[in-house]
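One structure is given below, encoded as structure tokens.
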Amino acid sequence: MDRKALRHAMGGFATGVCVITVADPDHVDGHVVGMTANSFSSVSLDPPLVQWCLDLKAHRYALYAQAQSFGINILSAGHESLSRRFARENAHIVPEEGLTHAHDPLKIKDVVGYFACDLYESRLVGDHLVIVGEVRHFESDPAQPGLTFFKGRYGQIGQ
């Protein structure tokens with residue numbers, strides 16, 4: 001099977017864009033690492049479960065795979081530059097940037113939605129680790145237009 005053609009075919013499914021955040025164990029409190037993902041989805045309302053997929057070859061794979069808690073930040077239409085930043089390796093967030101909230105350093109400011117999760121289950125499936133989180137807290141701003149990704153390009157929805 002032509003993997004490149006398959007990837008392009010799957011790119012025909014428009015998705016939202018989020019940044020998964022975890023505490024950075026290599027630095028002091030408040031330092032966070034972020035990774036752009038579009039593999040996020042809801043799994044269950046009772047219990048409240050969500051999932052995302054982590055490529056086995058991802059930079060800092062072990063950090064995300066071993067995280068017992070993580071944040072899922074659904075990006076707003078104005079966050080394309082953040083999406084690009086966190087798509088690169090070693091995307092650190094330091095408290096001095098003011099990008100995250102002081103009371104919850106895993107939450108990026110001005111997002112469409114935020115889910116604070118504890119690890120519920122993870123499982124190797126193909127070339128990805130499927131990570132399921134139990135939502136312990138969430139926030140939503142329905143007035144914000146969302147950032148989308150479709151056929152390799154960014155767009156927006158809800159405005």
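The values are calculated or read from the model by the stated rules, or taken from the named source; none is laboratory data. A quick note: this is a predicted structure, and the numbers were derived from the prediction, not measured. FYI the Cβ positions are ideal-geometry reconstructions off the backbone, even for glycines, and counts take in every protein chain you see. Accessible surface areas use protein heavy atoms only, side chains included; no ligands, DNA or RNA. Shrake-Rupley method; radii C 1.70, N 1.55, O 1.52, S 1.80 Å.
Odds and ends about this structure:
- Test: residue 70 is assigned to a strand (DSSP E or B), in contact with a Phe, Trp or Tyr (Cβ under 6 Å, 6 or more places away or on another chain) and under 23 Å from residue 51 (Cβ atoms): no
- Residue, nearest to the chain's Cα centre (by Cα), within the range 127-154, restricted to residues that are small (Gly, Ala, Ser) and loosely packed, with under 15 Cβ neighbours inside 10 Å: 140
- Output for the range 24-46, where each listed residue is over 16 Å from residue 122 (Cα atoms), touching a strand residue (DSSP E or B) at 6+ places or on another chain (Cβ under 6 Å) and open to solvent by 20 Å² or more (accessible area, probe 1.4 Å): 30, 35, 36, 38
- Qualifying residue in the range 37-57 (condition: farther than 18 Å from residue 119 by Cα and among the β-branched types (Val, Ile, Thr)): no
- Residues within the range 92-108 that are part of a strand (DSSP E or B), surrounded by fewer than 18 Cβ atoms within 10 Å (Cβ to Cβ) and not acidic (Asp, Glu), tallied: 2
One line per residue, one yes/no per condition, for (1) within 22 Å of residue 153 (Cβ to Cβ); (2) among the aromatic types (Phe, Trp, Tyr); (3) not in a strand (DSSP E or B):
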{"position": "7", "(1), (2), (3)": "yes, no, yes"}
{"position": "33", "(1), (2), (3)": "no, no, no"}
{"position": "62", "(1), (2), (3)": "no, no, yes"}
{"position": "84", "(1), (2), (3)": "yes, no, yes"}
{"position": "119", "(1), (2), (3)": "no, no, no"}
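- Filter result for residue 89 (modelled with pLDDT under 95, exposed (fewer than 15 other Cβ atoms within 10 Å of the Cβ) and acidic (Asp, Glu)): yes
- Filter pass, residue 19 being open to solvent by less than 40 Å² (accessible area, probe 1.4 Å) and under 20 Å from residue 142 (Cα atoms): yes
- With respect to the conditions (1) buried (at least 16 other Cβ atoms within 10 Å of the Cβ); (2) assigned to a strand (DSSP E or B); (3) not small (Gly, Ala, Ser), residue 111 falls short on a single one, namely (2).
- Subset of the range 46-60 [aliphatic (A, V, I, L, M), within 19 Å of residue 73 (Cα to Cα) and out of contact with any helix residue (DSSP H, G or I) (no Cβ under 8 Å at 6 or more places or on another chain)]: 49, 50
- Among residues of the range 97-117 that are over 20 Å from residue 48 (Cβ atoms) and in contact (Cβ under 8 Å) with a residue 40 or more places away in the chain, those with a beta-carbon under 9 Å from a residue that is of a type in the set (Lys, Arg) and open to solvent by less than 30 Å² (accessible area, probe 1.4 Å) at least six positions away or on a different chain give the pairs 100/107.
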